Amino acid sequence: MPQPPEWLKPILFSESLPPSFTDLVQQHYLPIAEKIASWHTGKPLVIGINGAQGTGKSTLSLILAHALKKEHGKSTSVISIDDIYHTKSQRIKLSETIHPLLATRGVPGTHDVLLGAAIIHSLETGNPTLIPSFNKATDDRHTETSWVKVTEPVDIIIFEGWCIGARAQEDDALERASNALEEEEDQNQVWRHHVNEKLKGEYAELFSLIDKLIMIKAPSMQCIYQWRSQQESKLSAKLEGSDDRSGIMSDQQIKRFIMHYERLTRWMLKEMPDRADILVELNTDHTIHQTKGIV
């Protein structure tokens, strides 16, 4: 096995990744970057990265951005769908006017889709572009002064998020509750129908901007819960001693939080693998079982 590239070492350190992660990068991530580079033929290329909570979307996006730059000379900008959540006050308003469950960030209907499309269009045209950021510890968007400004033209736009590329379900699939949250708090099905209608409309338009789709496929919902819990533990440790911890969730809160995502996650796990341009299948221990679509 060849030595890891020098640019990878500080990423392993900053992301607290074990040395063994190097093997995953060289066997899977670098070939994905090579495939993406081969897809780029001139105009900016939009790569969607889909994966449930805790699957490693952000880490993959970070490494791909560096690999594309260092190994292939492709300038890259990364956008997370998490960073275009509606503000807390906007979601509270949605919860008061449409359904209480819309106060919780995550599902289609809780993002500023127009902002996301505007960012992608701006990057595609080479204009100076502000990339927003969201503070999960406070459950609200950072102020614009802390947004990242992209001033140079980019070759590759990576758009990552848990529901990137998702398609709406058939309406009759919504009739049966998928968990206790839906059964107890969405008895009249208003919330799940609202989410589904958003997927049919403005989210379909947003996702149509994606040129190629990569899916990181978790083996089960149980793994997703475990990995999301690990994410929360890391966030809590990072904010140890900070006053800015209002959004840190307990184990029980995480379970309820994941229920908001469960219906669409199960649907994506079922229907998306066959249409993804690259499919990264994970094992239960978070290693990669196989990557399809890179040859």
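No value in this document is a laboratory result; all are computed from the given coordinates. If you're wondering where the values come from, they're calculated on a predicted model, not measured in any experiment. Here Cβ is always computed from backbone atoms with ideal geometry, including for glycine, and neighbour counts include all displayed protein chains.
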*Setting aside same-chain residues fewer than 8 positions from residue 149, which lysines have a Cα under 20 Å from its Cα?*
69, 74
*Rounded, prolate or oblate (a/c below 1.5 giving rounded, otherwise prolate when a/b exceeds b/c) for segment 1-63 by Cα gyration tensor*: oblate
*Between 263, 105, 176, which gets the highest mean-square fluctuation from a Gaussian network model of the chain, Cα cutoff 10 Å?*
176
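Using a simple charge model, +1 on the beta-carbon of Lys and Arg, -1 on the beta-carbon of Asp and Glu, nothing else, what dipole does the chain show about its Cα centre, in debye to the nearest 20? Could you put the intermediate results ahead of the total?
Numbers: 32 positive and 40 negative charges, 93 e Å.
It comes to approximately 440 debye.
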_If you average the alpha carbon positions of segment 1-75 and of segment 136-185, how far apart do those two centres end up, in angstrom?_
22 Å
_From the helices alone, meaning DSSP H stretches of at least four residues, give me the mean residue ellipticity at 222 nm for the chain, per-run term -39500 (n - 2.57), in deg cm²/dmol to the nearest 500._
-12500 deg cm²/dmol
_Past 24 Å, Cα to Cα: identify those pairs from 200/270; 43/70; 9/270; 57/212, in the order given._
9/270
*Taking the DSSP beta bridges in segment 39-282 as the whole, what percent of them are antiparallel, to the nearest 5?*
25 percent
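Sorting check: for 106-113, 274-281, 16-23, which peptide has the highest mean count of neighbouring beta carbons within 10 Å, and how do the rest follow?
Numbers: 106-113: 21.5, 274-281: 17.2, 16-23: 12.9.
So the peptides 106-113, 274-281, 16-23, ranked by packing, come out 106-113, 274-281, 16-23.
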*Computed FRET value (nearest 0.05) for residue 121 with residue 72, which takes r as the C-beta separation and R₀ as 22 Å*: 0.35
*So what's the angle, to the nearest 10 degrees on a 0 to 90 scale, between helix 57-72 and the longest Cα principal axis of the chain?*
20 degrees
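So what is the relative contact order of the chain, in percent, for Cα pairs below 8 Å that sit 6 or more residues apart? If you can, show how the numbers build up before the last one.
On the way: 445 pairs, mean separation 70.3, N = 295.
Relative contact order for the chain comes out at 24 percent.
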